[in-house]
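Working notes for the structure below.
The values are calculated or read from the model by the stated rules, or taken from the named source; none is laboratory data. Keep in mind it's a predicted model, so treat the numbers as computed, not measured. Note: ideal-geometry Cβ built from the backbone for every residue, glycine included; neighbour counts use all protein chains shown.
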Amino acid sequence: MVKTAKRLEKVELSQVRKMFEITDENAINLGIGEPDFDIPENVKIAIIESLEEGFTHYTSNKGFLELREEISKKLKQDNSLAIDPESIMVTVGASEALYICAQGLFEKGDEILIPDPGFMSYIESIRLSEAIPVPVQVKFENGYKMKVEDVQEKISPKTKAIILNSPSNPTGAVMEKKDIKAIAELATDYDFTIISDEIYEKIIYGKKHYSPAEFSDNVVVVNGFSKTYAMTGLRIAYLAGQNELIEELLKVHQYNTACASSISQAGAYEALKGPQKTVNSMVNEFQKRRDLIAKRLDEIGLECSQLDGAFYAFPKVENSQDFVQKALKAGVVTVPGTGFGQYSENNIRMSYATSYKEIEEAMNRLETIKL
Ligand SMILES: Cc1ncc(COP(=O)(O)O)c(C=O)c1O
C-alpha cells in the first residue's frame, strides 16, 4: 500500500490540468492557460548560443548576476522599486516562487488570505505547508477586483500573509491602485506579508499595473517570463523582496532545485535586455481577441465582468459542471469555476490564448447549446 505523508491527503490535483489533457482533436480548447505564441526569435537565438557556448553548468543559486541585474533594472523602470540584485532570486517558474514562499514563510495553523476565485495553486501550496487558506471573495459587483474592505474583514491574529494577483487568473480583473495601496498599508500595520503574483503584469489593456511593493516593505514580488514572453515550458521566473527575507528563502530554493536552468536563464536575460516589440504585438493580438470574446459572450447572453488583463473570460453560468459538459459535447473545452475556489460554482473560465478564428468558431458552437 502507498503510504504518503498525511498532509498530501488534503491536496488536490489541478482541474485545469485535467482539461489540458483532453485530446479530442476536433474540440477547441479554451482551457489552456498559456500564450499560443512562440517565444521571441531573439530569445530563441540567445538560448541556442548559450548552449553552443557551453553555458550548461550550475549557476549561482540565486541566478546568474547579469540576469539579476537586468531584473533589478526592470523593477526600477516598470514598478518604481529599488531592489538590488542580491535581493532577487531566479526560480523555476512562478510556481516554484510561490512554493518557496509557502514553505519558507508559513507555519502550521497560520492563516493565509487568498483571492477567491483565484489561481488554484495558492490553496494547494498553502495546504502543503500545513497553513490554512482563508478565501477573500472577489465579487462580480466589484468586477472581481479585490477590495480593501473585503480583506480587512478576514484579518485575524493568525493572519500571516495575503496573496494578491493582479491582473487576475481566472477573472481578468485588474485591481485599483487605491485598494493595492490600502492593502499594503494594512500589511505594514498588522505586520503580515504580501505575496504579489504579478505574472500577468504586461498582459493588460489600457490600465496601469501597480505593485504593492511600492507602498510597503512587507512585500515579496513574484514575476516571471512564462506569460509575457510565452516561455511557459522554459520554467523561469523570480522572487524579489527584502534582502534578509530572500536570503532565508534561498534555503528552500537551494534544497529544492539548487538553481534554475542555465539556458532558460540565458533566454530570460535576452528577453529583458532585447527589444520588446514581440510582447507589444502579442498583447495587441490578445486585446483584439478580448474584444471579440467579450462581444460574443454578451450576444450569447453569458454575463461577464470587465476584462482588463490576462487572457481569460470568466462568465456566469447556471451550473459550471453542467455547462462544461454541454460545451464539451458541442466541441469546446472550458474549465468549471469550481476549479478556482468556493465562490465560483456559477462561472466558467475561458482562455482566449487561442487564435481569433478558433475563438469565433468556439463562440458559434456555444451559441448552439441550450443554456
Ligand atoms: C496567476 C498565476 N501565477 C503563477 C502561475 C505559474 O506560472 P509559471 O509558469 O511561471 O510557473 C500561473 C500559471 O498559469 C498563473 O496563472
On the basis of being within 13 Å of the ligand (Cβ to nearest atom) and among the aromatic types (Phe, Trp, Tyr), does residue 210 make the cut? no
Residue set 65, 105; condition without any contact (Cβ under 8 Å) to a residue 40 or more places away in the chain, assigned by TED's automatic domain parsing to the domain that holds residue 206 and over 14 Å from the mean Cα position of the chain (by Cα); output residue 65
If you go through segment 59-83 one residue at a time, how many are more than 16 Å from the ligand (Cβ to nearest atom) and surrounded by 17 or more Cβ atoms within 10 Å (Cβ to Cβ)? 10
Spans of helices (runs of 4 or more DSSP H) in segment 227-327 with at least 1 residues away from the ligand (no atom under 16 Å from the Cβ) and exposed (fewer than 15 other Cβ atoms within 10 Å of the Cβ): 243-256, 277-300
Note down all Cβ pairs under 9 Å where the first residue falls in segment 221-239 and is farther than 20 Å from residue 210 by Cβ, the second is among the acidic types (Asp, Glu) and near the ligand (Cβ under 10 Å from one of its atoms), and they're at least six residues apart or on different chains. 226/34; 230/34; 232/34; 233/34; 235/96
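This table checks each residue for (1) under 17 Å from residue 173 (Cα atoms); (2) in the same structural domain as residue 168 (by TED's automatic domain parsing); (3) of a type in the set (Asp, Glu).
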{"site": "201", "(1), (2), (3)": "yes, yes, yes"}
{"site": "212", "(1), (2), (3)": "yes, yes, no"}
{"site": "244", "(1), (2), (3)": "no, yes, yes"}
{"site": "284", "(1), (2), (3)": "no, no, no"}
{"site": "291", "(1), (2), (3)": "yes, no, yes"}
{"site": "297", "(1), (2), (3)": "yes, no, no"}
Residue 98 at pLDDT 95 or above, within 15 Å of the ligand (Cβ to nearest atom) and either assigned by TED's automatic domain parsing to the domain that holds residue 217 or within 23 Å of residue 239 (Cβ to Cβ) (or both): yes
What residue, of 117, 157, 135, is within 12 Å of the ligand (Cβ to nearest atom) and over 22 Å from residue 214 (Cβ atoms)? 117
Of the residues in segment 40-54, those that are closer than 13 Å to residue 272 by Cα and assigned to a loop (DSSP other than H, G, I, E, B) come to 40
Taking segment 178-233, which residues are of a type in the set (D, E, K, R) and in contact with an Asp or Glu (Cβ under 7 Å, 6 or more places away or on another chain)? 207
Would you mind stating whether residue 158 is of a type in the set (Lys, Arg) and under 26 Å from residue 132 (Cα atoms)? yes
Of 86, 107, which residue is assigned to a loop (DSSP other than H, G, I, E, B), more than 12 Å from the ligand (Cβ to nearest atom) and either charged (D, E, K, R) or closer than 26 Å to residue 179 by Cβ (or both)? 107
